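Student: My structure is below; once you've seen it, I'll send some questions.
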Amino acid sequence: MKNNAKSEKAALLQGTLDMLIMQTLQRGAEHGHGIGVAIKTRSGDLLNIEAGSLYPALHRLERQDLISSEWKLSDNNQRARYYRLTPSGRKQLMAEESKWDLLVKAVSRVRNPV
Amino acid sequence: MNWKRWRWTYWTDLFRRRKLARDLDDELNAHVQFEIQRRIGEGQSPDEARRAALRDVRSLDSVKEATRDAWTWTSIERLMQDLRYAARTLLKTPVFTGIAILSLALGIGANTAIFSLVNALLLRTLPVSHPEELVLLTSYSREYRVGDFAYPDYLRLRDQTQVFSGLLGAGSGNRMEVDLGNRTDRPQIQIVTGNYFTVLGVQPLQGRLLVADDDNAPVAVISHGFWQRSFGGDPSAVGKSLMIHGSLCAIVGVAPPEFHGDSAGEATDVWMSLGMQQAVTFSRFDMRKVRYVTWANMIGRLKPGMTIEQARAEVAPLVAQIHESAGTSPDKDYLHHIVMEPGGRGFAEMRERLQAPLIILMTVVALVLLMACTNLASLLLARAASRQREIATRLAIGASRMRVIRQLLTESVLLALIGGAFGLLLAMWINRFLLNLVSQGFVTITINLSPDGRILLFTSAVSVLTGILFGLTPAIQAVRRDAGPALKTTSRTIAGRTRRGWLRNVLIFAQVALSLVLLTAGALFVRTVRNLKTVDTGFAAGNVLSVGIAPHRTAGPAQEADLAARLIDRLSAIPGIRSATVAVNATLGLAGSGVYGLEIEGYTPKNEDDQRARANWVGPRYFETLGMSVLQGREFSMADTLNSSGVVIVNQTMARHYFGEESAIGKRIRFNKRDHEIVGVVRDAKYRELREVSPRMVFFAFLQYPNGVRNVEVRTDDNPLAFAETVRSAIKQVDPQLDAFEVATVAQRIDRKLTPEYLVADISGFFSGLTLLLVCIGIYGTLSYSVAGRTNEIGVRMALGAKRSSVLLLILRDILWTLIAGLAVGLAGALAAGRVVESLLFGLKPNDPVTLTFVVLLVAAVALLAGYIPARRATRVDPVSALRAE
């Protein structure tokens, strides 16, 4: 069942990407490109989110009412679509983060037993 | 996401679809711009930065597509894609698509059409309030069904029972000439009791309907249709009068458009009150007073809460009492008991005539639908198998299984829907054909035959389900299989032995068996019609024109005899007319008469029935005109008059019954207090029905019993219909008040009699022929596929030296056992079906060996032929190229 394995992996990655996006937006509204750059910079160039993953995720999150968007002018007068967290997005993010922390804690305990 | 919100976003998204797409374009452009600026900021040249940025976004289109997938509304877009793809695929194989749609259309169309007729004539209730409360009362004599009631008995049943809130009486409808002031028309007229509309619970559209007091008044209610046709829907029609046979009748109201009368399929134009009865029928007696004329058909409305059982319990003793008090006179003994049944569907005459044929037709078309479905199934199976490669390819390039299955399903459903649409068109066409066919035979058939929505839905659902079921099974099989092997090679396992091969054989088996049953039934019905048409009628009616005369005012026996004589003289004088005569009952007409209490010289009757015979009152040269042979003695002449001694002519059966080998000539029959000498014996003939076994028949001289000319019979030199107008106007010249309402040849009368048989024979014949075609297609399609799948195997066999004939056998062997099993089961089914329809057959047994042998051979031959063509193709396989393909 090759397909199933692939889709589980996709779900895992997607969840992570969603969390990274929402985390970035926690600091304020940002456009798609800015989000991608922010994730890349903050991960020390380790995570490079491609447009082909980023924009579907943004639109999906907007549809789920976790983020909202509006068109604004950027610093250099470029018209761009800015995304921001909605209250339910904020709640979702908190839940995701604590789940993630738990996972990280669990994994590191397994890897470095006390 | 809840449903309401989903729907809301769905629609807003549909409307905002373009804006969303534009926004996405803008958003991605902005992304590229930001990226370029970032790269320039990092020190790249503008050109370099642009190229890199675009490379980064890679194909903008794929980003767009991926993003669009996040929008829910793409499900409808995907459906459109699937539909477009399905349409393209279907168009790529026009033969498959055409056959599938055609067989579906036939199945759906035929069922919808026949069911519309069944619904209109057999199932639909009258458009009246609470039809379930209505009860139909039918009178029976000791031996046979009479149907209607004498008015005095109607009154007793109406007034001396408690179960009914009302009991109506209605005569049968008749077309009669009425004068509308500026012109004449010939509406269907029915005499009804004053409470008719009250009991049915019908409300007037204009004016008022009849009331109880109208029983003595000359008033009428007209139908909505007649109001539109004859008065252009003018409200002032109410208050106008129409004249019938010289009597005026006031129109008091118009019935609502949906109400056509009390019988399915028969539409009444004018309902006249009892007060018009004598004027309409020219009776010398008042139908309201005598008990020897039965005319009132009865429908009662049960009081709320009453059941039909309670009604039976109350009415039965009353009827017994009426029967007791009637005495012993045979003609008063019509009412022995009654049968009561739910009457919501109205009077049953048409229903009873057409019930058996319609049920048979419904069965036939249901089987046709079954055939169509099996056909579709085997086509889909063969197709899906041949598409394994395509499906494997689509899976390999990343299509999800669900997506492929949905695609295949879309195709099946699209097919079923197109089939359904064509079926609807076909249904309308068949309906028109059916209506024409049925209307020839009956006075009027006015039924709403618009294709019935429910059955259309039902048949479409059946075919969509077939499509899904047989489209899905191979689809699932196809996607479940590992994509690899199917891609690597087109050759499959030995196709005939796989599980799907087994399913295909079952389908072929079912088709062969079903078509054998249908063809046998079709052949039996077609041969029945041919037997009926070639049956010896006992007369030579080729050039006979038969004219029905409406009842008219008779001044007295002498004047009526004079009128008949003048008619005969006038018509005989027309060049081209060989002879002309009069009669009371038309040969093979709708009416017949019987006489009771015959006293036959030298014969002791065994019982009351032994004193009965069928009778007709005929004029001079009647037998010459109709072409019936006079075996002994003479026929009537102008000399047999009121003043001469009584004479009768009997048929062979009657002569043999009463006198055996002795000659009947000169024997006396006493009837109606008069003595009649038998002056002639004529050959047996069919008098009312083509199926009848010759009854005892006695002919009286019309000129000795001149009770009103009802029929004029004319023999012409050639084409009798060419004389129709001449004869009609000659009759008007003799007496302007004579109304020649029907001019028909005896051949036309026979056609009319045979309407139910034609209906069954035409339709079952047509569809059984089609099933043969379906079998052909099924076998051809299956074997073609199996041959294509075994090309390699055949190539190997031939390379190893197999002969062509053995390859042919190899392929045919696949279906041979299926075919034999299908024929055997089909034969058993045909024998069983034959027994069911036995009563409708004529001149042959349901197990008629000639028919059965013929049908079995036909199906076998057609099946083998359909199999032979692809099998022969297999023998043409070139071993070298077949092996190279491997």
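Student: Expressed as a rounded percentage, what relative contact order does chain B have, with Cα pairs under 8 Å and six or more residues apart? Spell out each step's value before the answer.
Tutor: Working: 1534 pairs, mean separation 129.6, N = 886.
Rounded, it is 15 percent for chain B.
Student: Kindly state, to the nearest 0.05, the FRET efficiency for B:GLU258 paired with B:MET402, given R0 = 45 Å and r defined as their beta-carbon distance. Intermediate values should be presented prior to the final figure.
Tutor: Working: r = 50 Å, r/R0 = 1.10.
So, using R0 = 45 Å, E works out to roughly 0.35.
Student: Could you grab the relative contact order for segment B:733-886? Cα pairs under 8 Å, six or more apart, rounded to a whole percent.
Tutor: Details: 83 pairs, mean separation 66.5, N = 154.
Dividing the mean separation by the residue count of segment B:733-886 yields 43 percent.
Student: Sort B:84-91, B:110-117, B:40-47 for me by packing, meaning the mean count of neighbouring Cβ atoms within 10 Å per residue, highest on top. Intermediate results must be reported in sequence, preceding the final value.
Tutor: Values: B:84-91: 14.1, B:110-117: 26.8, B:40-47: 10.8.
Put in order of decreasing packing, that is B:110-117, B:84-91, B:40-47.
Student: Choose one of B:VAL280, B:GLY708, B:PRO257: the residue whose Cα lies farthest towards the positive end of the charge dipole of chain B (beta-carbon charges +1 Lys, Arg; -1 Asp, Glu; about the Cα centre).
Tutor: The Cα lying farthest towards the positive end belongs to B:PRO257.
Student: According to a simple spin-label model (label point 7 Å from Cα along Cα-to-Cβ), what is the distance in nm between B:LEU469 and B:LEU642?
Tutor: About 7.6 nm, to one decimal.
Student: How long is the gain from B:GLU352 to B:ASN719 if the chain were fully straight, where each residue apart is worth 0.36 nm and the alpha carbon distance is subtracted? Intermediate values should be presented prior to the final figure.
Tutor: On the way: separation 367, 0.36 × 367 = 132.12 nm, distance 3.52 nm.
My answer for the length gained is 128.6 nm.
Student: Moving on to the next point. Go through segment B:596-610 residue by residue and turn each phi into a ³J(HN,Hα) via Karplus (6.51, -1.76, 1.60, θ = phi - 60°); whole Hz please, and just put x for glycine and proline.
Tutor: 10, x, 5, 10, 9, 4, x, 10, 9, x, 7, 7, 4, 5, 5
Student: Given R₀ = 30 Å, what would the calculated FRET efficiency be for B:ILE476 paired with B:ALA828, taking r from the Cβ atoms and rounding to 0.05?
Tutor: Values: r = 35 Å, r/R0 = 1.16.
Working from the Cβ atoms, E equals 0.30.
Student: Let me confirm one metric for peptide A:44-57, namely the mean number of other chain beta-carbon atoms within 10 Å of its residues' beta-carbons.
Tutor: Working: counts 0, 0, 0, 0, 1, 0, 5, 14, 11, 2, 4, 11, 9, 3.
That average works out to 4.
Student: How many nm is it between the label spots at A:ARG109 and B:ASP23, if each spot is 7 Å from the Cα in line with the beta carbon?
Tutor: 4.4
Student: Please name which of A:THR41, A:LEU103, A:ALA51 has its Cα lying farthest along the dipole of segment A:2-111 towards the positive end, using unit charges on Cβ (Lys, Arg +1; Asp, Glu -1) and the Cα centre as origin.
Tutor: So the residue furthest toward the plus end is A:LEU103.
Student: Let me ask something additional. Rounding to the nearest 20 debye, state how big the charge dipole of segment B:188-330 is about its Cα centre with +1 on each Lys and Arg Cβ and -1 on each Asp and Glu Cβ.
Tutor: Working: 10 positive and 12 negative charges, 42 e Å.
So the magnitude is around 200 debye.
Student: When you look at the Cβ of every residue in A:70-82, what mean number of other chain Cβ atoms sits within 10 Å?
Tutor: Values: counts 0, 4, 0, 0, 4, 0, 3, 0, 5, 5, 7, 7, 0.
Mean shielding by partner chains, rounded to a whole number: 3.
Student: Please list the non-local residues whose amide H lies under 5 Å from the amide H of B:TRP617, H modeled 1.01 Å from N, same-chain partners needing a gap of 5 or more.
Tutor: Amide H to amide H, under 5 Å and 5 or more residues apart or across chains, B:TRP617 pairs with B:VAL584, B:ASN585, B:PHE700.
Student: Looking at chain B, what % of its DSSP beta bridges pair antiparallel, to the nearest 5?
Tutor: Numbers: 68 of 88 bridges.
If we restrict to bridges inside chain B, about 75 percent are antiparallel.
Student: Give the peptides B:654-662, B:410-418, B:549-557 in descending order of average Cβ contacts within 10 Å, highest first.
Tutor: Details: B:654-662: 17.0, B:410-418: 21.7, B:549-557: 14.4.
Most protected by this proxy first, the peptides run B:410-418, B:654-662, B:549-557.
Student: Name the residues whose placed amide hydrogens come within less than 5 Å of the amide hydrogen of B:PHE149, ignoring near sequence neighbours (fewer than 5 apart) on the same chain.
Tutor: Amide H neighbours of B:PHE149, under 5 Å, 5+ apart: B:TRP295, B:ALA296, B:ASN297.
Student: Report relative contact order for segment B:611-681 in percent, whole number only (criteria: Cα-Cα under 8 Å, sequence separation at least 6).
Tutor: Working: 81 pairs, mean separation 23.9, N = 71.
Computed over segment B:611-681, the figure is 34 percent.
Student: Further, regarding this structure: Explain nothing, just compute: Karplus ³J(HN,Hα) = 6.51 cos²θ - 1.76 cosθ + 1.60, θ = phi - 60°, for every residue of segment A:33-45 in order, whole Hz, x for Gly and Pro.
Tutor: For segment A:33-45, the Karplus-derived couplings read 4, x, 4, x, 5, 4, 5, 4, 4, 5, 8, x, 6 Hz, x marking Gly and Pro.
Student: How many Cβ atoms of partner chains, on average, are near each residue of B:27-37 if near means within 10 Å of its Cβ? It would help to have the intermediate numbers written out before the result.
Tutor: Values: counts 12, 5, 3, 9, 10, 2, 6, 10, 4, 0, 4.
What the average comes to for B:27-37 is 6.
Student: With n ≥ 4 as the cut-off for DSSP H runs, can you work out [θ] at 222 nm for chain A, using -39500 (n - 2.57) per run divided by the number of residues, rounded to the nearest 500?
Tutor: Values: 4 runs with 73 residues, N = 114.
That comes out to -21500 deg cm²/dmol.
Student: Calculate, for B:ASP213 and B:THR604, the FRET efficiency according to 1/(1 + (r/R0)^6) with r their C-beta to C-beta distance and R0 35 Å; round to the nearest 0.05.
Tutor: Numbers: r = 54 Å, r/R0 = 1.55.
The calculated FRET efficiency here is 0.05.
Student: Moving on. Roughly how many nanometres apart are two label points built 7 Å out from the Cα toward the Cβ at B:THR184 and B:LEU123?
Tutor: 4.3
Only the coordinates and a few stated rules stand behind these numbers; no lab work does. Since we're looking at a predicted model, the values are computed, not measured. Please note: Cβ atoms are built from the backbone with ideal geometry, for glycine as well, and neighbour counts cover all protein chains shown.
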